[in-house]
Amino acid sequence: MRRLAQLAVLLAATVLGGCATTNSARAPDADLHKLKTFYVVRVPEDERGIEKLIAQRLVTLGYQCTSGDAPTPAAAVDAIVTYQDRWMWDITMYMIKLSIQIHDGATGAILASGEVMRPSLQRKSPEGMVEETLGVIFK
């Protein structure tokens, strides 16, 4: 009976814990290393400043980057970055999923995308989610 209870606890932890997942895709002809300037478009509903975190991380990676509310930048850039963040409640609010897309600055075509999903027990800070998502894109 005790063995059955231990198995039930292990199964529950596995099911409830879930697994962190990462996905990325890149256009066959995309060379992200040629990109030097980026513009991150803020999602209108975003009140947490995720666009600023993405822009800061891109600067840390050695790129020139700005962000703003406009769907297109005021000056020409090599790439426009869009994102979708999904939040959940589990005692506190946390980001469960972040998707980032990098679009060609001239044509708008998607050059690359990445997505990270982390359940509650494996949650990261918004900065950590941005770092991990950009990491899967630029790997």
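The values are calculated or read from the model by the stated rules, or taken from the named source; none is laboratory data. On a predicted model such as this, the values are computed, not experimentally measured, just so you know. Every residue, glycine among them, receives a Cβ derived from its backbone with ideal geometry; neighbour counts consider all protein chains shown. Note: accessible area is taken over every heavy atom of the protein model, side chains too, but ligands, DNA and RNA are not part of it. Shrake-Rupley method; radii C 1.70, N 1.55, O 1.52, S 1.80 Å.
Rounded to the nearest 10 Å², what accessible area does GLU51 show when all protein chains are kept and the probe is 1.4 Å?
10 Å²
Under a GNM of the chain (C-alpha, springs under 10 Å), which listed residue has the highest mean-square fluctuation: GLN84, GLN56, GLN122?
So, out of GLN84, GLN56, GLN122, the one fluctuating most is GLN122.
Under 8 Å for C-alpha pairs, at least 6 residues apart: give me the relative contact order for the chain, rounded to a whole percent.
Value for the chain: 27 percent.
Excluding THR66 itself, what net charge comes from residues whose Cβ is under 13 Å from its Cβ, given Lys and Arg +1 and Asp and Glu -1?
0
Test of understanding: in a Gaussian network model of the chain with alpha carbons linked when under 10 Å, which of ASP90, ASP78, ASP104 would top the mean-square fluctuation ranking?
ASP90
Could you tally the net charge around GLU47, taking each other residue with its Cβ under 13 Å from the Cβ of GLU47, Lys/Arg +1 and Asp/Glu -1?
For residues surrounding GLU47, the net value is -2.
Provide the gained length on full extension for the span LEU61 to SER99, in nm with one decimal, where the gain is 0.36 nm per separating residue minus the Cα-Cα distance.
The LEU61-SER99 span can extend by a further 11.8 nm.
What FRET efficiency do you get for ALA74 and GLN122 if R0 is 41 Å and r is their Cβ-Cβ distance, rounded to the nearest 0.05?
Between ALA74 and GLN122 the formula returns 0.60.
Multiplying the sequence separation of ALA20 and ALA109 by 0.36 nm and subtracting their Cα-Cα distance, what value in nm do you get? Walk me through the intermediate numbers first.
Numbers: separation 89, 0.36 × 89 = 32.04 nm, distance 2.82 nm.
Full extension of this stretch gives 29.2 nm more.
Tell me the relative contact order for region 68-125 as a rounded percent, counting alpha carbon contacts under 8 Å between residues six or more apart. Walk me through the numbers on the way to the answer.
Working: 94 pairs, mean separation 17.4, N = 58.
So the answer I get is 30 percent.
Calculate for the chain the 222 nm mean residue ellipticity that helices alone would give, adding -39,500 (n - 2.57) per DSSP H run of length 4 or more and normalising by residue count, nearest 500 deg cm²/dmol.
For the chain, the value works out to -9000 deg cm²/dmol.
With all protein chains present, how much of the accessible area of the chain (probe radius 1.4 Å) comes from carbon and sulfur, to the nearest whole percent?
Here carbon and sulfur together make up 59 percent of the probe-accessible area.
Need the list of aspartates and glutamates near LYS139 for cross-linking: C-alpha distance under 14 angstrom, and skip anything on the same chain fewer than eight residues off.
Within the straight-line cut-off, LYS139 pairs with ASP31, GLU115, GLU131.
Relative to the Cα centre, what is the charge dipole magnitude of the chain, using +1 at the beta carbon of each Lys and Arg, -1 at the beta carbon of each Asp and Glu, and rounding to the nearest 20 debye? Before the final figure, lay out the partial values.
Values: 15 positive and 15 negative charges, 139 e Å.
The calculation lands at about 660 debye.
Using the basic label-point model (7 angstrom from Cα toward the beta carbon), what is the LYS139 to LYS34 distance in nanometres?
Between LYS139 and LYS34, the label points sit 2.4 nm apart.
Could you state the accessible area per residue of region 11-139 in Å², with a 1.4 Å probe and every protein chain left in place?
I get 56 Å² per residue for this part.
Can you tally the net charge around ARG57? Count Lys and Arg as +1, Asp and Glu as -1, for every other residue whose Cβ sits under 9 Å from the Cβ of ARG57.
-2
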